[in-house]
Amino acid sequence: MKVSLFLLGYGHVGVRFAQLLRESETALADLGVEPIVVAVASRRRGLLFDPKGLSPAAIDAGTKRHTCDLPTIASALREMQHMRVPVLVETTTLDIKEGEPATSYVRAAFASSVHVISANKGPVAFAYGELIKEAARAGVSFLFEGAVMDGIPIFGLIRDTMPTVQVNGFRGVVNSTTNFILTAMEQGEPFESALARMQQAGVAEADPTLDVDGWDAAAKAAVLGNVLLEASATPLTVTREGIGPSTVTRARAARERGRRLKLVARGSGRGQQADLRVQLEELEAGDPLAILEGQANALELDTWPLGRVVITQRDGGLEKTAYALLADLVTIARRA
């Protein structure tokens with residue numbers, strides 16, 4: 001089955017996803033999935049569009065054809081609506097204030113009956129309730145497995161393997177950069193040095209504010225709360241704490257006491273009563289969140305009737321986020 005892809009956002013994750021498509025060509029063919037990239041767009045390169053498909057060379061050359069604004073993107077999406085299984089792969093930069101323009105891109109896709117898969121937390125963190133209804137009315141899928149824990153399945157795990165299970169709460173270490181820095185500071189490395197290593201690896205951005213000030217974790221808490229707890233949250237309504245150079249004292253003191261300092265995202269309650277927060281917590285050494293080293297993440301779900309379920313990702317990184325997009329792509333192809 002041919003699947004037509006529009007890669008919107010072509011930074012670290014978008015590039016790695018395009019590479020992963022080529023690397024997984026045989027495995028995808030075995031599943032009956034034949035992805036064809038028909039459009040690539042980013043602020044830097046503008047829009048490239050060819051209904052017959054863009055070769056890797058054409059994408060890499062990145063010759064600018066059109067400006068990359070909402071009307072242009074919407075026009076390209078309208079051209080895709082008659083293609084076989086049209087999918088927008090949305091990996092633009094997170095806007096922590098309003099979730100735009102990503103949310104508008106998603107809405108434009110739905111208006112043209114185009115499926116959406118995304119690694120961007122913004123649309124789900126700011127407008128999940130509305131978007132999921134719009135997707136249902138358009139008869140398309142809206143999937144975002146890569147928005148919280150890279151390629152580790154959370155939403156698909158619950159949706160596809162936990163029928164009738166109710167999630168009553170969650171807690172987790174969900175930001176790789178801050179966990180790496182906290183681990184490094186425990187071992188004597190300065191905050192600035194550990195952060196620089198994350199930036200060099202492409203995990204943290206040149207402006208690391210979203211990570212170290214807790215905004216990325218707050219956005220993920222809002223995503224989890226909106227999807228799992230029926231909250232109507234945004235990152236701005238999540239109680240938030242970050243880390244900085246002064247956190248080293250707390251991290252080392254906790255380690256000396258046989259405990260670990262972690263930046264924990266928590267959610268409890270339901271609907272308007274949902275309580276979402278991101279805060280530094282000292283955890284017992286045996287806690288499943290306390291054992292996380294480096295870029296590792298984990299999420300504990302408080303469920304009924306399964307009880308507490310822990311999902312751990314020992315290795316983070318771009319390849320894992322790209323895989324989440326690939327997994328969502330396969331899900332959409334199977335539904336088509």
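The values are calculated or read from the model by the stated rules, or taken from the named source; none is laboratory data. Here the structure is a predicted model, which is why all the values come from computation and not from measurement. Glycine also receives a Cβ, built like all others from the backbone with ideal geometry; neighbour counts cover every protein chain displayed.
The numbered conditions (1) surrounded by 18 or more Cβ atoms within 10 Å (Cβ to Cβ); (2) farther than 16 Å from A194 by Cα; (3) under 18 Å from the mean Cα position of the chain (by Cα) are all true for V212 except (2).
Looking only at residues of the stretch 143-153 that are part of a loop (DSSP other than H, G, I, E, B) and over 8 Å from the mean Cα position of the chain (by Cα), we find that the one that is nearest to T312 (Cα to Cα) is I152. Of the residues E205, E189, the single one that is without any contact (Cβ under 8 Å) to a residue 12 or more places away in the chain, assigned to a loop (DSSP other than H, G, I, E, B), in contact with a helix residue (DSSP H, G or I) (Cβ under 8 Å, 6 or more places away or on another chain) and over 28 Å from I158 (Cα atoms) is E205.
Across the stretch 252-290, the qualifying residues are those that are farther than 24 Å from L236 by Cα and either under 23 Å from the mean Cα position of the chain (by Cα) or acidic (D, E) (or both), and the one among them that is modelled with the lowest pLDDT is E256.
Can you tell me which condition L195 does not meet? The list is (1) touching a residue at least 24 places away in the same chain (Cβ under 8 Å); (2) surrounded by 20 or more Cβ atoms within 10 Å (Cβ to Cβ); (3) not hydroxyl-bearing (S, T, Y), and all the others hold. Every condition holds for L195 apart from (1). Every condition in (1) surrounded by 18 or more Cβ atoms within 10 Å (Cβ to Cβ); (2) hydroxyl-bearing (S, T, Y); (3) farther than 22 Å from K121 by Cα is met by T91 except one, and the failing one is (3).
Check the stretch 5-18 and report whether any residue there is surrounded by fewer than 13 Cβ atoms within 10 Å (Cβ to Cβ) and assigned by TED's automatic domain parsing to the domain that holds A135. No, the stretch 5-18 contains no residue that is surrounded by fewer than 13 Cβ atoms within 10 Å (Cβ to Cβ) and assigned by TED's automatic domain parsing to the domain that holds A135. Among the residues of the stretch 154-183, those that are of a type in the set (G, A, S) and assigned to a strand (DSSP E or B) comprise G169, G172. Here L318, L329, L325, L306 are screened, and the one residue that is touching a His at 6+ places or on another chain (Cβ under 6 Å) and either of a type in the set (A, V, I, L, M, F, W, C) or under 21 Å from V13 (Cβ atoms) (or both) is L318.
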